[in-house]
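The values are calculated or read from the model by the stated rules, or taken from the named source; none is laboratory data. Just so it is clear, the structure is predicted and the values come from calculations on it, not from any experiment. All Cβ positions, even for glycine, are placed from backbone atoms using ideal geometry, and neighbour counts span all protein chains on display. SASA here: full protein model, heavy atoms, side chains in, ligands and nucleic acids out. Shrake-Rupley method; radii C 1.70, N 1.55, O 1.52, S 1.80 Å.
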Amino acid sequence: MSRRITWFIGGAVAGATGVGVAKRKVKAKAAELSPGKLAKGAIHRVRESVTEGRRAMRAREAELWSRISGTHAGTLADDLDPNDVVIVDGELIEPGKVIVLRRPGESDRIRRRRS
């Protein structure tokens, strides 16, 4: 009989503890998902998105202005098609190993294509 009482009391304590833990977790999650906190989180995400969009817009605008003014320091790979080759002094050069500078208004150099 005492074994049954021991198991009964142990189960009741475990059940009460489980209910208490579950209640705390539910309250914490409910507070986290309250309309005020959800609105603040959404506002924060929108602000971050707008800030990131403006930063990207300014960077792109600066790049375009530098291309117009001729001060853009892009890579040769930006201007080459996948089948283009670069030959300097008769040697085949990989696009990442050479820097090409152009003056504003200078026409594009003739590119040789691999057949």
Has segment 61-81 got any residue that is out of contact with any Cys (no Cβ under 9 Å at 6 or more places or on another chain), outside any loop (DSSP other than H, G, I, E, B) and at pLDDT 90 or above? yes
Would you confirm, using the coordinates I've provided, whether K27 is touching a helix residue (DSSP H, G or I) at 6+ places or on another chain (Cβ under 9 Å), assigned to a helix (DSSP H, G or I) and open to solvent by 100 Å² or more (accessible area, probe 1.4 Å)? no
Candidates S2, S69 - the one that is open to solvent by 50 Å² or more (accessible area, probe 1.4 Å) and in contact (Cβ under 8 Å) with a residue 12 or more places away in the chain: S69
The lone exception for G18 - which of (1) modelled with pLDDT of 85 or more; (2) open to solvent by 60 Å² or more (accessible area, probe 1.4 Å); (3) not β-branched (V, I, T) it fails: (2)
